[in-house]
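The values are calculated or read from the model by the stated rules, or taken from the named source; none is laboratory data. The shown structure was predicted, so the numbers you read here are calculated from the model rather than taken from an experiment. Glycine also receives a Cβ, built like all others from the backbone with ideal geometry; neighbour counts cover every protein chain displayed.
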Amino acid sequence: MAGPANVGGSRILLRKLREIMETGGAAQERLDRLVHMVASTMVADVCSIYLTRGAVHELFATEGLKSEAVHRTRLKHGEGLVGLVAETAQPLNIADAPHHERFSYRPETGEDPYNAFLGVPIVRSERTFGVLVVQNRASRVYGDDEVEALQTIAMVLAEMVASGAFGDLSGLAEVEARASRPEFLQGRAFSDGLAIGTVVLHEPHAPLGRVIADDPVREEERLNAALLQVRKTLEEMLEGDPGRISGVSREVLEMFLMLANDPSWETKLKHGVRAGLSADAAVERVRGEHRAKFNNTRDPYLRERLHDLEDLDNRLLRALAGVDGAPAQELPADAVLVARELGPAELLDYGAERLKGLALEEGGATAHAAIVARALGIPMVGLLPGLLSRVEAGDAIVVDGERGEVRLRPEDAVTAAYRQRLELRTARAAEFARLKDTPAVTRDGARVALLLNAGLALDAHHLDDAGAEGIGLFRTEFQFMVSETLPRLESQTLLYRDVLETAGERPVTFRTLDLGGDKVLPYVTAEREENPALGWRAVRIGLDRPALLRYQLRALISAAAGRRLRVMFPLVTMVSEFDAARALVDRELEWARVRNHQLPAHVEIGVMVEAPALAFSIPDLKGKADFISIGTNDLMQYFFAADRGNARVSDRYDILSPPALRLLKRVRENADAASIQVSICGEAAGKPLEALAFVALGYRRLSMPASGIGPVKRLLLSADASAAGAVLQPMLSSGVSSIRGELTSIAAKQGWAL
């Protein structure tokens, strides 16, 4: 019993399917005609449609099984062969179904005599919401053409169900073909703020209003042109300036080019077009298969390859849009960007003025997109499993960057509650704005300098708005990470000069390149490491490959001509490393001096305290370091042996634990004894309760994200530093895991504005 032996058979199926939809009639009647048509065209004894309705897969239509089983036969998730297809999101093609270990016999269906079984998932937007099945009495394995034909029908069926083409069908409203119900997702807050807006997909779906093509020849021409464009672009990137790309970047491009020339990928795409799909729909179908496999694969290598394939599908979809001269995606005024993952350059391409919020299925608190989002003031929530399978472009969405929550298609009452919170945040922002020119002085007269953490030139332009007294940490690596090539000396100098000029008389502390670990440059070869956080990174790279570090120091010295220059080195573990790094500064100063370049008016060299080893070596820095700055993010990571990028362990420790606070107290006391200026520049400094603890420990310089300055200043203006120190001291010797609760209660009793 043979089905459609070639793409002509698939085209016949699609043409008949369109006729069924265009002739109208009751929804159930059209479904019944559809399964009859598929069964007769594929010479199958049975064709059935199961759709996922709530917690079961329900038989919605059948040709060959007993008609009374329709809407009566329901299989639980994972039950039977239908459940297996839905679970794996992959076709199941077997010759002896009754003897398969997952076979589930349902007597009401009358499927006793059928042996051959072919089931394909009905998938849309990564959401599997049904299974299309054909069966035969004879034991046989269906051919590849038949599998492809059934997959094509399943894809078109998915779009039609999602678009409402079947109209009012009993139970169909409960089939989640297109996400429509309110949903709540708990993730992790990566950038503070609250956004109420409209979903914009970073990689939008192909416009599938024209799923079935009228002119297959024309569609294949469009596909060929788009394939040629993708391949040509990749080849030009590889054959261009040899110094432009290297290492990992070149390997990625070579892999993309290899995949773009993969005959099996092209064949699969052309089969779809020749079967009667539009070129866009053919690519969308293949991308859906790749995504489904990605979601069901745990092997890291296979996931990486499937992710590359999906990226290639996306490139081809964009090329197809360009072939027809389609306009670029326009963002709504309240756009909230939704993506699986996002790089810093991609986020910057959108711009702060165009985005209200950001929601990522993956992402991390220390990922570059998160740091850029904080710099741009965009609320961001990440680690939202299943986000892309639950969201549609144009959906209403709420991103809660305070609680790490996302609400999709919220009810009106929920939206109203969030709007009230947004109004309260606006009122608080106005209160903080009134305080921006007020010095942070506690009630007992302790003066605390509140500085800004920055990484982009535009951050410096927000100094006045934030009420910051300077930049306590300028991360210089972002300029390198968002560029496809190594920034030239001139461009580095211009950036640093712009920051210094914007800051005026206020101090700016530049941290030299903190690369390595999760910060990989596209044009620098990186070796895979077992534990990159403890590997070759930061100042270690700078000392082993001094040309890059000297190049940056030369730009900093040039930019600071006639001005004050503050430079600090990241992840120094031994004083000898600091000595070697400082020697490079002296060497570059001498290089500028002998060439009669104008030197900085004053140079201060400091070090980040991020490694416990250096935290216990502060006395040895006396007379060598002009200042130290504690990076609580890394210091606490190493202190507690808990990867801050790993959601399973990053919350297992609290910086407000007695051991951590005792370490910070010791560092501050040793710095004072050595006459070294000390500050805290980690993210924790921008949280009011943590800032209160740091001030109670004697710290008087805190550097933080712009969003933290207002809340911290308000707290300090209401607090008493001496009283806070007195209540904190006995807690340092307690055996509790955290003093957060006790400190919160004391602050509330004292009337301190947390």
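Given the criteria under 22 Å from MET608 (Cα atoms) and more than 28 Å from the chain's Cα centre (by Cα), does THR438 qualify? No; evaluated as a whole, the condition is false for this residue. If you go through the stretch 612-630 and pick out every residue that is small (Gly, Ala, Ser) and surrounded by fewer than 23 Cβ atoms within 10 Å (Cβ to Cβ), you end up with 4. Here ASN633 fulfils each of the conditions (1) in a helix (DSSP H, G or I); (2) surrounded by 19 or more Cβ atoms within 10 Å (Cβ to Cβ); (3) touching a residue at least 60 places away in the same chain (Cβ under 8 Å) apart from (2). Do we have any residue at all in the stretch 74-87 that's in contact with a Lys or Arg (Cβ under 9 Å, 6 or more places away or on another chain), of a type in the set (Lys, Arg) and in the same structural domain as GLN28 (by TED's automatic domain parsing)? Scanning the stretch 74-87 turns up at least one residue that is in contact with a Lys or Arg (Cβ under 9 Å, 6 or more places away or on another chain), of a type in the set (Lys, Arg) and in the same structural domain as GLN28 (by TED's automatic domain parsing).
Among the criteria (1) among the aliphatic types (A, V, I, L, M); (2) surrounded by fewer than 17 Cβ atoms within 10 Å (Cβ to Cβ); (3) over 30 Å from ARG563 (Cα atoms), the one ALA691 does not fulfil is (2). For the stretch 693-727, filtering for residues that are assigned to a helix (DSSP H, G or I) and closer than 15 Å to ARG668 by Cα leaves 5.
Restricting attention to the stretch 406-417, the residues that are in contact (Cβ under 8 Å) with a residue 24 or more places away in the chain and surrounded by fewer than 19 Cβ atoms within 10 Å (Cβ to Cβ) add up to 3.
Pairing each residue of the stretch 349-360 that is surrounded by 22 or more Cβ atoms within 10 Å (Cβ to Cβ) with any residue that is of a type in the set (Ser, Thr, Tyr), provided the two are 6+ apart or on different chains, yields C-beta distances under 8 Å for LEU358/SER191. Residue-level check: of (1) closer than 17 Å to PHE474 by Cβ; (2) surrounded by fewer than 24 Cβ atoms within 10 Å (Cβ to Cβ); (3) not acidic (Asp, Glu), GLN552 misses just (2).
Cβ separations smaller than 6 Å between residues 6+ apart or across chains give the following pairs from the stretch 272-283 residues that are hydroxyl-bearing (Ser, Thr, Tyr) to residues that are assigned to a helix (DSSP H, G or I): SER278/ARG210; SER278/GLU219. Filtering ASP626, ASP643, ASP672, ASP620 for residues that are closer than 23 Å to GLN552 by Cβ and charged (D, E, K, R) leaves a single hit, ASP626.
Would you check which residues across the stretch 645-699 are among the aromatic types (Phe, Trp, Tyr) and more than 22 Å from SER722 (Cβ to Cβ) and list them? Answer for the stretch 645-699, where residues must be among the aromatic types (Phe, Trp, Tyr) and more than 22 Å from SER722 (Cβ to Cβ): just TYR653.
Looking at THR52, THR62, which one is farther than 27 Å from ARG274 by Cα, part of a strand (DSSP E or B), modelled with pLDDT under 90 and not charged (D, E, K, R)? Answer to the check: THR52. For first residues located in the stretch 1-27 and under 19 Å from GLU220 (Cα atoms), partners that are surrounded by 20 or more Cβ atoms within 10 Å (Cβ to Cβ) and modelled with pLDDT under 70 and lie 6+ apart or on another chain with Cβ distances below 6 Å form the pairs SER10/PRO4.
Just so you know, in the stretch 69-92 the residues that are charged (D, E, K, R) and part of a loop (DSSP other than H, G, I, E, B) include one that is nearest to the chain's Cα centre (by Cα), and it is GLU79. Regarding THR128, is this residue among the hydroxyl-bearing types (Ser, Thr, Tyr), at pLDDT below 90 and assigned to a helix (DSSP H, G or I)? Taking the combined requirement at face value, the residue does not satisfy it.
Looking across ARG668, ARG662, one residue alone is of a type in the set (Lys, Arg), in a helix (DSSP H, G or I) and closer than 30 Å to VAL508 by Cβ. It is ARG668. Across the stretch 677-686, the qualifying residues are those that are buried (at least 21 other Cβ atoms within 10 Å of the Cβ) and at pLDDT 90 or above, and the one among them that is farthest from GLY455 (Cα to Cα) is VAL678. Look at (1) buried (at least 19 other Cβ atoms within 10 Å of the Cβ); (2) part of a loop (DSSP other than H, G, I, E, B); (3) modelled with pLDDT of 90 or more and you find that PHE166 fails only one, number (3).
Scoring GLY401 on the criteria (1) farther than 14 Å from GLY708 by Cα; (2) crowded, with 21+ Cβ neighbours inside 10 Å; (3) of a type outside the set (Ser, Thr, Tyr); (4) not assigned by TED's automatic domain parsing to the domain that holds GLN677 leaves a single failure, condition (1).
Check the stretch 696-705 and report whether any residue there is of a type outside the set (Ser, Thr, Tyr) and modelled with pLDDT under 95. The answer is yes, given that some residue of the stretch 696-705 is of a type outside the set (Ser, Thr, Tyr) and modelled with pLDDT under 95. Kindly indicate whether ARG419 is farther than 18 Å from ALA753 by Cα, of a type in the set (Lys, Arg) and out of contact with any Ser or Thr (no Cβ under 7 Å at 6 or more places or on another chain). It is true that ARG419 is farther than 18 Å from ALA753 by Cα, of a type in the set (Lys, Arg) and out of contact with any Ser or Thr (no Cβ under 7 Å at 6 or more places or on another chain). Considering ALA359, ALA440, ALA373, ALA393, the condition of being touching a strand residue (DSSP E or B) at 6+ places or on another chain (Cβ under 7 Å), in the same structural domain as ASP465 (by TED's automatic domain parsing) and of a type in the set (Gly, Ala, Ser) is satisfied by ALA440 alone. Condition first: crowded, with 21+ Cβ neighbours inside 10 Å and among the aliphatic types (A, V, I, L, M). Can you find one or more residues in the stretch 646-659 that meet it? There is at least one residue in the stretch 646-659 that is crowded, with 21+ Cβ neighbours inside 10 Å and among the aliphatic types (A, V, I, L, M).
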